[in-house]
Amino acid sequence: MHWLTRLFRKEQAEKHLDVELRFHLEKQISDYIASGMSPKEARRRATLDFGGLESIKQQSRDARRANFIDDLIRDVRYGFRMLRKNPGFTAAAAITLALGIGANTAIFSIVNAVILRPLPYKDSSRIVHISAHTAMYPTFSLGLSWISLRQIRSQVLSLEQTAAYIDTEKTLTGKGEPTILSTASVTDDFFEELGATSQLGRLFTEEDSKPGLNHVVVISDSLWRTRFGADPSVLGKTLVLDKVPYIIVGVAAPKFSFPNPDQAWLPLSPSSADQQSPTFFMLQTLGKFRRGEKVERLNAQLDAVAQQTMKDHPELAAGYSFSTRPLLSDSLNNTRDAFLMLLAAATFVLLIGCANLASLLLARGSGRQREMALRATLGASRGRLLRQGLVESCLLALSGGALGVFLAAEGVQVFRIMAPADTPRLEEISIDSTLLWFSLVTSLIAGILFGIVPARRAARLDPNEALKEGAGTNLGSARSARQSRLGNALVTLEVALAFILVVGSVLMTLTLSRLLHQNPGFRTDHLLSFDLPQPPFADPENVESISQPSYVREILAKIQQIPGVAEVTASDHGVLTGMMMMQGGLVVDGAIPASSKEARSAGARYIYPNYFRIMGIPILRGREFTDRDSGIATAQRVVLVNAAMAREYWGTLDVLGKRISMSTDDKGKAVWNEVVGVVADAREVNLRGGPSPTYFLSMLQGGTGSLHLLVRTHTDPDALATTISRQIWAAYPDQPVTHIMTMSRNISESLGNERLRSVLLTLFAGIGFALALVGVYGVVSYSVARRVQEIGIRMALGAAPMDVLRMVIRQGLLPVAFGILLGAAGAFGLARVIASQLYGVKPTDPATFLGATALVLFVASLASCIPARRAMHVDPMVALRYE
């Protein structure tokens with residue numbers, strides 16, 4: 001509070017000077033009037049004199065400011081000398097702070113790039129993503145139809161612009177091995193809404209979407225550099241996508257990569273049928289708010305459009321609506337909580353480091369009491385002593401912050417390597433000036449946090465008492481007892497924060513372990529998987545393309561002949577990719593409640609006949625697909641369902657002979673598929689989600705698009721990856737082979753986010769735990785040093801060494817126990833925050849809390865044992881003479 005007192009005195013002095021100036025002004029005016037001047041002239045002359053006095057006042061202020069700067073420079077020089085004088089203490093403090101500041105700065109740089117920094121698009125804060133919802137797909141957000149897009153453009157006045165795109169992948173051929181390229185078919189106003197420009201050529205116009213003129217493409221800067229070597233004459237060259245040539249008309253400006261990096265953009269040119277279909281839920285739609293508009297008004301206008309759409313198109317059924325999300329929130333993919341959790345953990349590490357250093361400075365301050373008392377006796381004010389202490393702590397913090405910047409820079413690079421490829425805005429995470437500014441501000445705040453209490457205690461020291469007290473009597477004084485209580489309080493805070501970190505890291509590690517070791521419902525050993533995007537049968541413009549059944553049989557036969565291959569099968573979607581085709585409007589025969597007209601939705605997959613046998617998924621009822629279930633006209637249309645669908649829709653597994661309709665014929669009659677088998681549930685979409693209702697159709701009876709192949713091997717599956725890829729390219733030169741990996745690696749990569757969080761939290765918990773234990777050791781050591789005389793007296797009066805050992809350890813563990821209780825309460829309070837990140841374990845798991853408690857107590861006991869054993873060997877005769 002002394003700095004507040006000095007500020008008050010300064011203000012009072014300035015007010016007193018103002019009163020004096022006003023008094024002189026009024027007196028001078030009176031004297032001039034008495035001498036015969038007019039009042040106006042007297043006031044003018046007196047004002048000139050008053051200006052001179054004001055100049056004196058300003059000079060006084062400048063002198064005080066110059067003196068303050070000189071004093072501050074002297075304090076900084078003295079602080080540097082004190083830090084050089086104690087290199088061991090300085091190094092320990094700098095490293096402690098570097099760990100906390102480095103972790104905090106690295107995570108903040110990541111959070112800033114991913115969450116806080118606006119998207120690199122024009123007026124990105126005003127752009128929202130518009131999604132559709134319908135009872136046909138009750139658990140999914142859908143794209144818009146062309147009908148809805150036109151209505152929103154004409155009726156929703158709260159939006160300044162509305163653009164749409166369809167995100168797809170296409171096969172890029174022409175040079176080297178065929179690859180997959182992310183593409184987006186966009187409306188002509190797409191680039192304008194996002195504020196994109198071209199560095200070469202042009203962007204799309206309205207003419208580009210017309211039939212016959214739509215075979216043009218705009219490529220990204222990264223594709224221009226990697227594929228064409230940044231050739232400035234790239235305009236007019238051809239890019240072959242899915243065997244269709246496109247003319248390059250422009251190269252987008254650097255850093256524009258929406259919606260995906262390394263991509264190309266095509267004109268969106270829908271067919272007439274797609275434009276008239278109310279269920280064409282394919283358009284990802286972006287709307288830009290008009291300035292000053294509110295979300296409530298936009299939602300009201302969208303609701304009105306949805307109600308009108310339902311009236312005009314009854315086939316949409318009830319529940320058709322729109323929702324909006326800011327584009328930034330939509331791009332985070334529900335990862336905001338995970339990043340904020342990591343930032344909180346890094347902040348805890350920094351707070352633990354600050355508490356640790358505060359304890360060290362308190363202990364160090366007891367040895368500098370004579371120095372501070374002498375400075376006060378020679379005229380140093382309490383404010384000056386307070387400032388000196390804060391200057392030294394801030395210098396310590398800045399030295400730790402400088403080392404922390406280096407650690408943070410390395411940490412950001414390591415994060416980019418470790419982070420999964422689907423991490424939002426991963427390419428934008430980099431080292432920039434924000435890292436330096438955040439580190440500087442964090443260092444100064446940390447210096448004040450851990451330096452304010454020791455500095456205040458030094459400033460409030462009574463010089464007379466400090467100069468006449470010896471070290472021994474001082475250590476037994478009431479001031480030293482208060483210092484000991486403050487040190488214990490800091491240890492309690494350190495242990496509480498460390499306990500929360502330990503609990504959080506254990507819970508995340510258990511989550512990862514549960515996911516890695518749970519039974520996915522299929523065999524994962526000796527299983528190789530890979531994708532064949534855009535196979536020949538999916539090419540509608542190639543009249544020579546073979547039919548799907550023939551292609552599948554042919555390619556599976558080629559792979560089957562490779563030595564080391566046991567069996568091979570195929571499906572339309574990859575395993576553990578988080579994706580599955582959803583079918584809405586199902587008509588389920590005999591469903592609960594019994595109604596053949598009830599609309600249903602479920603996951604849908606096309607599989608090859610031997611899929612379940614090779615995957616090791618049991619058939620619970622009926623049979624698997626066979627070659628008889630082919631696409632010929634006389635073949636019976638059949639379907640298999642998983643146990644989850646059988647139980648949800650029929651309430652039993654005995655559903656053989658039941659029927660499902662997914663479509664209608666030309667006359668509007670339902671096309672029925674008979675259930676011929678029930679299979680066990682398996683986690684084929686992701687490991688976190690439970691089994692969902694799914695039905696399976698034979699790949700020999702339908703299905704188009706990409707193929708996902710699964711190969712069961714006799715030998716190491718990794719060794720066959722290259723051989724299989726070459727065999728496919730030899731038969732189909734334009735066929736890309738992607739995502740080739742073992743199922744074990746597939747499972748591991750699908751848990752990349754969980755692994756990253758577990759590793760970082762464990763690292764932060766380890767650092768925080770180690771710093772907290774150093775704090776325990778330091779406080780106990782200081783307590784032993786302070787009580788040397790007391791311990792000597794106890795031993796002289798008959799206390800056994802083991803009694804001293806137990807006393808020291810017990811007193812050292814008391815603040816640790818309080819810290820555990822406080823930390824447990826904090827961990828319980830944060831349970832809701834981390835619950836969404838966990839799987840297979842509760843955030844209040846008793847075993848985790850008990851284990852963390854036992855670990856902290858055990859290691860804290862070890863940390864207390866070293867000074868306690870030193871206390872056991874105190875010589876009573878020496879201790880009684882201790883000064």
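The values are calculated or read from the model by the stated rules, or taken from the named source; none is laboratory data. Fair warning: this is a prediction, and the values are worked out from it, not measured in the lab. All Cβ positions, glycine included, derive from the backbone under ideal geometry; neighbour counts span all protein chains shown. Side chains are part of the model used for accessible areas, which takes the heavy atoms of the whole protein and leaves out ligands, DNA and RNA. Shrake-Rupley method; radii C 1.70, N 1.55, O 1.52, S 1.80 Å.
In order along the range 672-682, the phi-based Karplus estimate (6.51 cos²θ - 1.76 cosθ + 1.60, θ = phi - 60°) of 3J(HN,Hα) comes to 9, 10, 8, 6, 10, x, 10, 10, 5, 5, 9 Hz; Gly and Pro are listed as x.
The calculated FRET efficiency for the pair ASP189 and LYS558, based on their C-beta separation and a Förster distance of 41 Å, comes to about 0.30. Taking 7 Å steps out from each Cα toward its Cβ at SER329 and LEU656 produces label points 5.1 nm apart. The modelled label-to-label distance between ASP31 and VAL240, using points 7 Å beyond Cα along the C-beta direction, is 10.2 nm.
Counting only protein heavy atoms and a 1.4 Å probe, the range 201-359 has 45 square angstrom of accessible area per residue.
Rounded to whole numbers, the Karplus 3J(HN,Hα) couplings from phi for the range 522-532 are 8, 6, 10, 7, 6, 10, 10, 10, 6, 10, 10 Hz, using 6.51 cos²θ - 1.76 cosθ + 1.60 with θ = phi - 60°, and x at Gly and Pro. In sequence order, the range 251-259 has phi-based couplings of 10, 5, 5, x, 6, 8, 9, 6, x Hz under the Karplus curve 6.51 cos²θ - 1.76 cosθ + 1.60, θ = phi - 60°, and Gly or Pro positions carry x. Each Lys and Arg contributes +1 and each Asp and Glu -1, all at the Cβ; summed about the Cα centre of the range 161-295, the dipole is approximately 240 debye. Counted by Cβ distance under 11 Å from LYS237, the other residues give a net charge of 0, where Lys and Arg count +1 and Asp and Glu count -1.
Protection proxy ranking for 553-561, 204-212, using the average of other Cβ atoms within 10 Å per residue and placing the highest first: 553-561, 204-212. Charge tally around LEU700: other residues with Cβ under 10 Å, Lys/Arg +1 each, Asp/Glu -1 each, net 0. Highest mean packing comes first when the peptides 764-777, 302-315, 104-117 are listed by Cβ atoms within 10 Å, giving 764-777, 104-117, 302-315. Heavy-atom surface analysis with a 1.4 Å probe gives the range 232-330 a carbon and sulfur content of 54 percent of its accessible area. Rounded to 0.05, the FRET efficiency of the ALA817 and GLU160 pair, given R0 = 45 Å and the Cβ-Cβ distance, is 0.15.
Local charge for ILE559 was computed over the other residues whose Cβ lies under 13 Å away, with Lys and Arg +1 and Asp and Glu -1, and equals +2.
Of the trypsin sites (Lys or Arg not before Pro) found in the range 647-734, those that fall in a DSSP loop while having at most 10 other beta-carbon atoms within 10 Å are LYS667, LYS669. In a simple Cβ point-charge model (Lys, Arg +1; Asp, Glu -1; nothing else charged), the range 389-445 has a dipole of about 80 debye relative to its Cα centre.
Placing +1 on the Cβ of every Lys and Arg and -1 on the Cβ of every Asp and Glu, with nothing else charged, gives the range 170-236 a dipole about its Cα centre of roughly 420 debye.
The simple Förster model, with R0 at 22 Å and r as the Cβ-Cβ distance, assigns SER630 and SER663 a FRET efficiency of 0.75.
Full extension of the chain between ASP716 and ASN86 yields a length gain of 220.9 nm, computed as 0.36 nm times the residue separation minus the alpha carbon distance.
In a DSSP loop and with at most 16 other Cβ atoms within 10 Å, the trypsin sites (Lys or Arg not before Pro) in the range 168-245 are LYS175, ARG202, LYS237, LYS243. Placing pseudo-labels 7 Å out from each Cα toward the beta carbon at GLU749 and GLN518 gives an inter-label distance of 2.2 nm.
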